[in-house]
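Okay, so here's the structure we're looking at.
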């Protein structure tokens, strides 16, 4: 009987380890879709598939609360911009059955007009995030974007302008 209890404990530990790995992979996929949907400006999908209703964004543009307000702010500021976001080397910690945190190294390339001035830069830093499991899967509850570097780039014409 002792052997059966030990086997049951081992199976439960294995089940928990597999669940943790599945959750971490789901969060990685979530962040990949986050970047893709921002860069392709699929704002409705970004809101519905990635962010919680109470999503909070802190970064260069200040602090914005609530999914609808964040989407309005980001989509307005990036409407005419060309962006490429890369996130990598995540450190994801499962903090509870339905919660997690993550820190992602990030790099972005941005070509935009700000206050009538064309600018382009490559930035690097980190995203510090909180995640929550919802009935529809993992979602991002908050993002704090910090920059370690911003390097100016030459302003080039749009890709289709040649």
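Please give the Cα centre distance for segment 7-50 versus segment 109-155, rounded to the nearest Å. Using only Cα atoms to place each centre, the spacing works out to 20 Å.
When shorter helices are ignored and each DSSP H run of at least 4 residues is given -39500 (n - 2.57), the per-residue value for the chain at 222 nm works out to -12000 deg cm²/dmol.
Using a cutoff of 8 angstrom between alpha carbon atoms and counting only pairs six or more residues apart, the relative contact order for segment 1-142 works out to 21 percent. The peptide list 102-113, 77-88, 5-16, put in order of mean Cβ contacts within 10 Å with the highest first, becomes 102-113, 77-88, 5-16. So if R0 is 30 Å, what FRET efficiency would residue 65 and residue 13 give, r being the distance between their Cβ atoms, rounded to the nearest 0.05? My answer for the efficiency is 0.15.
Against the chain, whose longest principal axis comes from its Cα atoms, helix 67-77 is set at around 30 degrees.
Read the figures in this text as sums done on the coordinates, not as results from a lab. In this text the structure is predicted, and so the values were computed from the model without any measurement. Don't worry about glycine lacking a Cβ; one is built from the backbone with ideal geometry, like all the others, and counts go over all protein chains shown.
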